[in-house]
Amino acid sequence: MTSPAAHPFTRSPGWLTVASGAPEVGLGAAFLVTWVDPARFGTSMVSFALELMLLEFILIHSAGFMGVRAAKAGSARARVIVIVGLGLFYSLFVGGFCLALGRVRPLVSFWIVTAQRLAGDLLDPKPGEETRAWFGTNLAMNAILYLLLAGATVMLPVPALGITSPVREAVGVAGRGLWVDEPQRVVVLAGLYYLVRGVMTVGAWPRRAFPARDTIAGQLKADA
């Protein structure tokens, strides 16, 4: 008998996928506009891109893990408890970013992005094995997408366009490193990452899981 995780997902584009993915499409487009014209949305968008891309190290893991655990919990009330509990745990790590950057915005961003990515799970009346497998597969695809785009924007030349020296000075990001010295790279990374992620979410991709044993869902099932 074939495992349910080997079947195509029953998920298909609909109002939930549009509601979940549209904000990321808009955010990605806003970052790409900022690359060309930083004054359009304000130079703070440059530092915001840096914050979000640093947060993705946590968000990629936390959203997938919380989604798998919440789907396993069953009822909507139990799913909320799981997500809030695990979210508070991950908030301890996000707090480190807040202290390093001297602002609370990363913590607010963490909860907004988490809620947006898990909205479909919370509204799913009967999450099952397929839902848990989807979160594991989605986690793997997010990680691959992030690493590919991060590598490309680091290795390939990325013109400054509108992010000129005066803009970099106005942003005033503390620290050293390629993203600080050439912030157009992280702005382009954020723009492409959220744009592609949003389009995939709106289109309900992925629709087919990896084998259950290769996903977080499979690992959790094996540990249970």
Exercise. Between S44 and V108, what is the spin-label point distance in nm, taking each point 7 Å from the Cα along the Cα→C-beta axis?
Worked result: 0.7 nm
Seminar exercise, completed: With every protein chain in place, the accessible area of D181 for a 1.4 Å probe, in Å² rounded to the nearest 10, comes to 80 Å²
Problem set entry | Sum of side-chain charges, L27 neighbourhood, beta-carbon under 15 Å (Lys, Arg +1; Asp, Glu -1) | +1
Exercise. Ignoring ligands, DNA and RNA, how do L149, L92, L59 rank by accessible area with a 1.4 Å probe, largest first?
Worked result: L92, L149, L59
Exercise. Using 19 Å as the cut-off for backbone N distance, which residues of the stretch 53-70 belong to the label zone defined by a point 7 Å from the Cα of I144 along Cα→Cβ?
Worked result: 57, 60-65
Exercise. Each residue of the stretch 139-150 in turn: what ³J(HN,Hα) in whole Hz from Karplus with 6.51, -1.76, 1.60 and θ = phi - 60°, glycine and Pro shown as x?
Worked result: 4, 5, 5, 4, 4, 5, 4, 4, 5, 5, 5, 5
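Hey, with R₀ at 22 Å, roughly what FRET efficiency would A19 and V196 work out to, going by the Cβ-Cβ distance, to 0.05?
So the FRET efficiency works out to roughly 0.75.
The values are calculated or read from the model by the stated rules, or taken from the named source; none is laboratory data. Everything numeric in this text was worked out from a predicted model, so none of it was measured. Virtual Cβ from ideal backbone geometry, glycine too; neighbours counted across all protein chains shown. All accessible areas refer to the heavy atoms of the entire protein, side chains included, with ligands and DNA or RNA removed. Shrake-Rupley method; radii C 1.70, N 1.55, O 1.52, S 1.80 Å.
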